[in-house]
Amino acid sequence: MPLPPGRSREYNARTCMTDPIVRLFGTPARLKVLRLYLLNDAEAFSIPEAAGRSRIPKDVARRAVAALVGMKILRRRAPRGGGLYTVDHRFVHREALKAFLRATTTLTDAFIIRALRRAGTLQLVILSGLFTGAIESQADIVIVGDRLDERTITATIRIFEAELGKELRYASFGTEDFRYRLGVYDRLIRDVLDSPHRVIFDKIGV
């Protein structure tokens, strides 16, 4: 039902103040910063570190951190720790929120493939580790292709990390190199294939 004239702004402001979900996920930047801190809750990050890891401007990261501190989700470390912020472990919904963030990542298989195709002629992409819960796996992503540009791969992985809030371990191989390593039971390749994994792109026939 449409709001009465002149009441929309007042209504929206009141909703934002009273709805914690609206306050929490008010901007994409805030969600990225929240993922970073909550999914690395044993660590502390400065504003520049949070901005770099989340791939957002420093002033945007500063506002996001300030909002999360105001919600008692983050706290500033003691003065001895300088300008470092970390998760406030007194926040009672910390574990539930972490589980929710893990379950609602926007990093789809299609997005991963589309982004990695910019690096060269893609032949194979395998997800393991963080993507499948395989703690023992040595790599989160294995990328195989021809004429792969390593700088583009690295930049793409950084984009994935900003969306996930976690650092990723990855390995990239040329197609013939991968075939050889597969044939001689290369330790990293076998480790990934023997762990829970998902093949999301395959032109090789693994």
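Values for this structure:
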read-out: Equivalent-ellipsoid semi-axes of segment 70-141, from the Cα gyration tensor, Å, largest first; value: 34, 16, 13
read-out: Additional length obtainable on full extension of the chain from Asp194 to Thr105, 0.36 nm per residue less Cα span; value: 29.5 nm
read-out: Stokes-Einstein translational diffusion, segment 109-202 - Kirkwood Rh over all Cα pairs, 1.306 mPa s, 10 °C, in µm²/s; value: 120 µm²/s
read-out: Among Asp194, Asp109, Asp140, residue whose mean-square fluctuation peaks in a GNM of the chain (springs only between Cα atoms under 10 Å); value: Asp194
read-out: At q = 0.08, 0.11, 0.18 Å⁻¹, base-10 log of I(q)/I(0) for the chain (Debye sum, equal scatterers on each alpha carbon); value: -0.37, -0.64, -1.19
read-out: Cross-link reach list, lysines versus Lys72, counting only Cα pairs under 28 Å and skipping chain neighbours closer than eight places; value: Lys32, Lys58, Lys98, Lys166
read-out: Kyte-Doolittle mean at least -0.5, axial Cα span of 20 Å or more - DSSP H helices of the chain; value: 150-164
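Bear in mind these aren't lab numbers, they're just calculated from the coordinates by the rules spelled out. This one's a predicted model, so the numbers in the text were calculated from it and none came from an experiment.
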